[in-house]
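Below is one structure; the comments refer to it alone.
The values are calculated or read from the model by the stated rules, or taken from the named source; none is laboratory data. Computed from a predicted structure; not experimentally measured. Every residue, glycine as well, gets a Cβ built from its backbone with ideal geometry; the counts of neighbours run over all protein chains shown.
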Amino acid sequence: MQIAGVCAYARKGCRDRFMLDKLAKQTAIYGISTILGRFLSYLLTPFYTRIFGVETYGIITDVYALIPFALVLLTLGMESGFFRFTAKAEAAGGDVAAAKRRIFTTMWGITTLAAAVFFAIIALFAKPCSELMGEAYTAHPEYVIIVAAIVFFDVAGAIPFSRLREAGQAMRFVGFKTANIVMQVGFAVLFWAVGLFDSEFGVGWAFVANLLASAITTVAVTASGRTLPKIHWAMLGAMFAYSLPLLISSIAGTAGEFIDRQLIKYLVPEGAMAQLGIYGAITKIAVVMTLFTQMYRLAAEPFFLANFRKDEFVETNAAAMKYYILASMIIFLAIALFRDIFALIVGSDFREGVFILPIVLGANVLSGVWLNLSFWYKREEKTRYALWITLSGLTASVVAGFILIPRSGYYGAAWSRFIAEVVMVAVSLTLNRIHFPTPYDFGRIAEYVVVAMAIFFVAEYIPTEGAVANYIVSTILFVLYLLYAVRREKIDVVGLVKAIVRR
């Protein structure tokens, strides 16, 4: 009996390790390939912050905070729904390919239709929309039309990109995404080289560069699927029943992410657009943390929404949370300890705000935590809980923003976002403990966070003379944390690198 128990435990450990290895490899595929493309995209930050002033860059910050909100609204929560419905089609058996094709064409058709209606409305009412957005847009209502066109193409390509992820075609996914970014950067540099940014249309050429890249990419990815959108209306009821709560929660969640920027625009008494520009530039410096969270989401969402048994899901999700926190703390220290170097990414006029970077990084870490905590209710098709979580975060962001931003500007905005993420993690964890208890290793997770924060504060307050001495101390402390992490988790670094390279 004891031998059988030991064998069962060993098999379970091997199975969990295999599943985690699979998740790690998928994350690495998306991550290593995506980092290059996203790095090219973030080259636009040092580029734009050196050719535009803080107020003009505030327009870019404002627009690119609103675009994700429109994308979430118009994709109708169908992206997560696509993974769940295709997994159910596989479980049901029969003609799986035909079932998946119907799911794809229906979701693609309804989201593209929604995007087309959105573009038509914005094009018809461009002038009132520009007046509503503020004085900076009134002189150029065409900015609004161009941005609406970007949204149309990005939404039209969303479900085809999800299809690539579901099919495990990570390299094609990343290839199209990278091509999009390369084109956007290329067009932007070309427009600058011929002097278009100095014309009256000015920053609008940055949006034109994005539009051209989005249009070409969407045409390419949709043409590669060799399928046309076709809405099977009988299927929409079940799809919306699953996706509507995710849509509402995503709207609230995305609003929580961009509301800080809108509150800066409307609550800061003087120089609002300049503060918005500085805030947007500094948040861009957190590129590595953002990339890590994004590449983890790309791999983890289809992974955890597949048809795992409950015990497999619970154990794997718990382990994934621990490793996510550990990796996030390493990235946090790598950026926070050397933030003066990372500040060189943006123009000199924007660097005064670099002191808020650790707060922004902390908020990004927490965003990944509640992403991990979201998979259980998506798997169990209890997506109504997503609404509770994101509404709580939005409420916290608005309340904190109204209190802090008029007094402290973008510093208050950074704290309001951090507070919102804390609230969402707290609500997510509470719901998890009540409805789907998962054995997260809170002791080890807390240990990793406490040790990382201790190192951060030691580096902040240890007396050093000169920048060189400060960097030496920071480097020593960072290496110590790496060694501690490797030893604590018994990580085979050489083996891990070989596995990723082979993959």
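Tabulated data for the structure shown
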read-out: Condition met for residue 31 (modelled with pLDDT under 85, assigned to a loop (DSSP other than H, G, I, E, B) and out of contact with any Gly (no Cβ under 7 Å at 6 or more places or on another chain)); value: no
read-out: Single residue of 290, 316, 217, 254 found to be outside the structural domain of residue 446 (by TED's automatic domain parsing), within 24 Å of the chain's Cα centre (by Cα) and in a helix (DSSP H, G or I); value: 217
read-out: Matching entry among 131, 135, 142 (being under 20 Å from residue 212 (Cα atoms), over 27 Å from the mean Cα position of the chain (by Cα) and of a type outside the set (A, V, I, L, M, F, W, C)); value: 142
read-out: Number of positions in the stretch 329-366 that are within 19 Å of the chain's Cα centre (by Cα) and either over 16 Å from residue 293 (Cβ atoms) or not polar (S, T, N, Q) (or both); value: 14
read-out: Filter result (part of a helix (DSSP H, G or I), small (Gly, Ala, Ser) and buried (at least 19 other Cβ atoms within 10 Å of the Cβ)) within the stretch 395-418; value: 396, 397, 400, 401, 412, 413, 414, 416
read-out: Some residue of the stretch 337-344 being crowded, with 22+ Cβ neighbours inside 10 Å, under 26 Å from residue 490 (Cα atoms) and at pLDDT 90 or above; value: yes
read-out: Matching residues in the stretch 464-500 - criterion: being of a type in the set (Val, Ile, Thr) and either modelled with pLDDT of 90 or more or part of a helix (DSSP H, G or I) (or both); value: 468, 472, 473, 475, 476, 479, 486, 493, 494, 497, 500
read-out: Selected residue (criterion: farthest from residue 174 (Cα to Cα)) from residues of the stretch 34-54 that are at pLDDT below 85 and not aliphatic (A, V, I, L, M); value: 46
read-out: Tabulated pairs, the stretch 429-441, first part of a loop (DSSP other than H, G, I, E, B), second among the acidic types (Asp, Glu), C-beta under 8 angstrom, 6+ apart or interchain; value: 436/380; 439/315
read-out: Residue match in the stretch 84-107 (condition: buried (at least 21 other Cβ atoms within 10 Å of the Cβ), closer than 25 Å to residue 66 by Cα and in contact with a Ser or Thr (Cβ under 9 Å, 6 or more places away or on another chain)); value: yes
read-out: Selection within the stretch 445-470 - exposed (fewer than 14 other Cβ atoms within 10 Å of the Cβ) and in contact (Cβ under 8 Å) with a residue 60 or more places away in the chain; value: 467
read-out: Hits in the stretch 199-250 - residues which are free of Cβ contacts under 8 Å to residues at least 24 places away in the same chain and closer than 28 Å to residue 60 by Cβ; value: 199, 200, 205, 219
read-out: Filter result (of a type in the set (Gly, Ala, Ser) and in a helix (DSSP H, G or I)) within the stretch 123-171; value: 123, 126, 130, 136, 148, 149, 156, 157, 158, 162, 170
read-out: Any pair with Cβ under 6 angstrom, 6 or more apart, that starts in the stretch 313-332 at a residue that is within 14 Å of residue 379 (Cβ to Cβ) and ends at one that is among the aliphatic types (A, V, I, L, M) and surrounded by fewer than 22 Cβ atoms within 10 Å (Cβ to Cβ); value: 316/19
read-out: Hits in the stretch 345-354 - residues which are in contact (Cβ under 8 Å) with a residue 60 or more places away in the chain and closer than 22 Å to residue 475 by Cβ; value: 345, 354
read-out: Residue 461 being on the phi < 0 side of the Ramachandran plot, touching a helix residue (DSSP H, G or I) at 6+ places or on another chain (Cβ under 6 Å), aromatic (Phe, Trp, Tyr) and at pLDDT below 95; value: no
read-out: Single match in 144, 151 (criterion: surrounded by 19 or more Cβ atoms within 10 Å (Cβ to Cβ), modelled with pLDDT of 90 or more and either of a type in the set (D, E, K, R) or touching a Cys at 6+ places or on another chain (Cβ under 6 Å) (or both)); value: 144
read-out: Within the stretch 257-273, tally of residues that are surrounded by fewer than 17 Cβ atoms within 10 Å (Cβ to Cβ) and not in a loop (DSSP other than H, G, I, E, B); value: 1
read-out: Subset of the stretch 155-203 (residues that are of a type in the set (D, E, K, R) and more than 16 Å from residue 215 (Cα to Cα)); value: 163, 165, 166, 172, 198, 200
read-out: Residue check, residue 112 buried (at least 18 other Cβ atoms within 10 Å of the Cβ) and touching a Leu at 6+ places or on another chain (Cβ under 8 Å); value: no
read-out: Criterion (part of a helix (DSSP H, G or I), within 23 Å of the chain's Cα centre (by Cα) and acidic (Asp, Glu)) met by exactly one of 460, 447, 421; value: 421
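Okay, residues lined up against (1) surrounded by 19 or more Cβ atoms within 10 Å (Cβ to Cβ); (2) under 22 Å from the mean Cα position of the chain (by Cα); (3) closer than 20 Å to residue 143 by Cα; (4) assigned by TED's automatic domain parsing to the domain that holds residue 100:
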{"site": "175", "(1), (2), (3), (4)": "no, yes, no, yes"}
{"site": "180", "(1), (2), (3), (4)": "yes, yes, no, yes"}
{"site": "195", "(1), (2), (3), (4)": "no, no, yes, yes"}
{"site": "205", "(1), (2), (3), (4)": "yes, no, yes, yes"}
